[in-house]
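The values are calculated or read from the model by the stated rules, or taken from the named source; none is laboratory data. Predicted model, so just to flag it, every value in this text is computed and none were measured. Because the Cβ atoms are built from the backbone with ideal geometry, glycine has one as well, and the counts that use them run over all protein chains shown. Just so you know, the surface numbers come from the protein's heavy atoms only, side chains and all, with ligands and any DNA or RNA stripped out. Shrake-Rupley method; radii C 1.70, N 1.55, O 1.52, S 1.80 Å.
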Amino acid sequence: MRTIQGPSLHLAQFSADQPPFNDLPSIAAWAASQGFKALQIPAWDERLFDVEKAARSQQYCDDLVAMLASHGLVISELTTHIFGQLVAVHPAYDALCDSFAPAALHGDPAARSAWAIERITLAAKASHRLGLDRMGTFSGSFAWPYLFPFPQRPDGLIEAAFEELARRWLPILDVCDAHGIDLCYEIHPSEDLHDGTSFERFHAAVGMHPRCRILFDPSHFVLQQLDYLQFLDIYRDLIGMVHIKDAEFNPSGRQGIYGGYSGWTERAGRFRSLGDGQVDFKGIFSRLAQYDYDGWATLEWECCLKNQEDGAREGVAFINAHIIKVTDRIFDDFAGAPVSRDQIHGMLGIAR
């Protein structure tokens, strides 16, 4: 067994136009001062990272790694969630998703998808140059509007959605394979890959591609009322990345999982800062240690109540307190005794 690495910080919720969150050197200095050991960098945020330059320039990557090392930091992974969202967009979300792409592509879903696919392949190449071996993303969502089976879904609709999803992602997975990168899909509501069953459907559609892995975030399982500990038991060999994020679910006589279109503070299911929600992190970290998870424990801060800087500071201490330094000995070795093969046969009553 290996001890989990951490804490890492996912920068997507921290980058901003104000210092120290508006460029990578500044945010790195701040993160290091909080006690983080690594940064998970959103490849779409041009304030922090130039994915095109990173894909093409080893010098750019080497300089970036050296800058982070000067703060005692490394890169845990790149993430491509916004690009991944644009790979597969249901028409109902076209106007909303246009904001994720350059203005010249607005109103042109095909061009927008092609741009996103190119960006993800650039991120895979950049990950390789940076010495990384895994990358996070979203699957996108063709079928999400049809989640509830009424009006009745026509036969073949879900199959067609996943067939097209696989068709778009297979070339990306092949590029990742060529560069030694596992592509970890975050299991997330609003994505077509939102639970174990939907992931299995996609995994089969891409031919059990060896680079198709899972980004596990328990907060999304709380909001779905899905057993996240059993999920780890089932998919332990496919878990490539982990977001450490808390959540709570407090159903009432007025609302449950669907939330009644309420804002985040009024929903039954809410994201919370680490330690303020209901996630059983002792159970999660125990399973990650038991199943020899070899990646990072990455704080993703999302909370409808607490200030993000407080959440980050408290999150460092929380993750450090939960990482299990795995043992290098069996606890009852003191009571062991050498036994010969003949003695073993005698213990079992086996005649020689």
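Assign one of three labels to the range 115-183, namely rounded, prolate or oblate, based on the Cα gyration tensor with a ≥ b ≥ c the square roots of its eigenvalues; rounded applies when a/c is under 1.5, prolate when it is not and a/b is larger than b/c, and oblate otherwise. Could you put the intermediate results ahead of the total?
Details: a/c = 3.48, a/b = 2.91, b/c = 1.20.
Note, shape of the range 115-183 comes out prolate.
Not counting ligands, DNA or RNA, and with a 1.4 Å probe, what is Ser198's accessible surface area in Å² rounded to the nearest 10?
10 Å²
Read phi for every residue in the range 292-302 and hand back ³J(HN,Hα) as whole Hz from Karplus 6.51 cos²θ - 1.76 cosθ + 1.60, θ = phi - 60°, with x for Gly and Pro.
6, 4, 10, x, 9, 9, 10, 6, 10, 8, 8
Quick one: putting +1 on the C-beta of Lys and Arg, -1 on the C-beta of Asp and Glu, what dipole do you get for the range 187-226 around its Cα centre, in Debye to the nearest 20?
Numbers: 3 positive and 5 negative charges, 36 e Å.
Result for the range 187-226 is approximately 180 debye, rounded to the nearest 20.
Rolling a 1.4 Å sphere over the protein heavy atoms, what is the accessible area per residue of the range 122-173, to the nearest Å²?
Numbers: 2620 Å² over 52 residues.
With all protein chains present, the range 122-173 gives 50 Å² per residue.
With a 1.4 Å probe and all protein chains kept in place, how do Arg167, Arg287 rank by accessible area, largest first? Write down the numbers at each step before the final one.
Values: Arg167 145, Arg287 65 Å².
So the residues, ranked largest to smallest area, are Arg167, Arg287.
Of the candidates Gly259, Gly336, Gly295, which one comes out as most mobile in a Gaussian network treatment of the chain with C-alpha springs shorter than 10 Å?
Gly336
Along Cα→Cβ, 7 Å out, is where each label goes; now give me the distance between the ones at Arg153 and Ile330 in nm to one decimal.
4.8 nm
Using DSSP, restrict attention to beta bridges with both residues in the chain and report what percent are antiparallel, rounded to the nearest 5. Walk me through the numbers on the way to the answer.
Values: 4 of 32 bridges.
The antiparallel proportion sits near 10 percent.
Report ³J(HN,Hα) in whole Hz for each residue of the range 137-142, in order, from the Karplus equation J = 6.51 cos²θ - 1.76 cosθ + 1.60 where θ = phi - 60°; Gly and Pro get x.
Per residue, the Karplus-derived 3J(HN,Hα) values read 6, 9, 7, x, 8, 7 Hz.
Go through the range 255-267 residue by residue and turn each phi into a ³J(HN,Hα) via Karplus (6.51, -1.76, 1.60, θ = phi - 60°); whole Hz please, and just put x for glycine and proline.
For the range 255-267, the Karplus curve yields 7, x, 4, 6, x, x, 6, 6, x, 4, 6, 9, 7 Hz.
Given the options Tyr258, Tyr291, Tyr60, which has the most mean-square fluctuation in a GNM of the chain, springs set between C-alpha atoms less than 10 angstrom apart?
Residue with maximal mean-square fluctuation among Tyr258, Tyr291, Tyr60: Tyr258.
Separation of the range 196-235 and the range 107-156 by C-alpha centroid, Å?
Value for the Cα centre distance between the two parts: 16 Å.
Find how many whole Å separate the alpha carbon centroid of the range 326-349 from the alpha carbon centroid of the range 13-59.
Between the Cα centre of the range 13-59 and that of the range 326-349, the gap is 52 Å.
Leu274: net charge of surrounding residues, Cβ under 10 Å, Lys/Arg +1, Asp/Glu -1, itself excluded? Show your work: numbers first, answer last.
Values: positive: Lys245, Arg272, Lys306; negative: Asp246, Asp276, Glu300, Glu314.
Neighbourhood net charge equals -1.
Over the chain, with every protein chain in place, what whole percent of the accessible area is carbon and sulfur at 1.4 Å, could you tell me? It would help to have the intermediate numbers written out before the result.
Details: 8850 of 16810 Å².
It is 53 percent, rounded to a whole number.
How large is the helix-only mean residue ellipticity at 222 nm for the chain, computed as the sum of -39500 (n - 2.57) over DSSP H runs with n ≥ 4, divided by its residue count, in deg cm²/dmol to the nearest 500? Display every interim value, and only then the final one.
Numbers: 13 runs with 142 residues, N = 352.
Value at 222 nm, helices only, nearest 500: -12000 deg cm²/dmol.
Put a dot 7 Å past each Cα toward the Cβ at Ala321 and Tyr258; how far apart are the dots in nm?
The answer from the label model is 3.8 nm.
Would you tally the net charge around Pro145, using a Cβ to Cβ cut-off of less than 13 Å, leaving Pro145 out, and scoring K and R as +1, D and E as -1?
Details: positive: Arg153; negative: Asp94, Glu191, Asp192.
My count for the surroundings of Pro145 gives -2.
Within 12 Å, Cβ to Cβ, of Ala321, how many net charges do the neighbouring residues add up to if Lys/Arg are +1 and Asp/Glu are -1? Spell out each step's value before the answer.
On the way: positive: Lys282, Lys325; negative: Glu314.
My count for the surroundings of Ala321 gives +1.
Taking 22 Å as the cut-off for C-alpha to C-alpha distance, list the pairs among Lys37/Lys245; Lys282/Lys325; Lys37/Lys125; Lys125/Lys325 that go past it. Intermediate values should be presented prior to the final figure.
Numbers: Lys37/Lys245 17 Å; Lys282/Lys325 13 Å; Lys37/Lys125 24 Å; Lys125/Lys325 33 Å.
Table pairs above 22 Å Cα-Cα are Lys37/Lys125; Lys125/Lys325.
What figure in square angstrom, to the nearest 10, would you give for the accessible area of Met347 with a 1.4 Å probe?
Solvent-accessible area, nearest 10 Å²: 150 Å².
Please compute the per residue accessible area over the range 1-100 with all protein chains in place, 1.4 Å probe, rounded to a whole number of Å². Please report the intermediate quantities before stating the final value.
Numbers: 4070 Å² over 100 residues.
It amounts to 41 Å² per residue over the range 1-100.
Any chance you could look up the accessible area of His81 with a 1.4 Å probe, heavy atoms only, rounded to 10 Å²?
10 Å²
Go through Arg112, Arg119, Arg352 and list them by solvent-accessible area, largest first, probe radius 1.4 Å.
Working: Arg112 5, Arg119 30, Arg352 195 Å².
So, going from the largest accessible area down, we get Arg352, Arg119, Arg112.
Using only the heavy atoms of the protein chains and a 1.4 Å probe, how would Asp195, Asp50 rank by accessible area, largest first?
Values: Asp195 35, Asp50 65 Å².
The most accessible residue leads, giving Asp50, Asp195.
Report the extension gain between Leu170 and Arg2 in nm, rounded to one decimal, defined as 0.36 nm multiplied by the number of residues separating them, less their alpha carbon distance.
Values: separation 168, 0.36 × 168 = 60.48 nm, distance 3.13 nm.
Here the segment from Leu170 to Arg2 would lengthen by 57.3 nm.
Springs between alpha-carbon pairs under 10 angstrom, Gaussian network model over the chain: which of Ile234, Ile323, Ile244 fluctuates most?
Ile234
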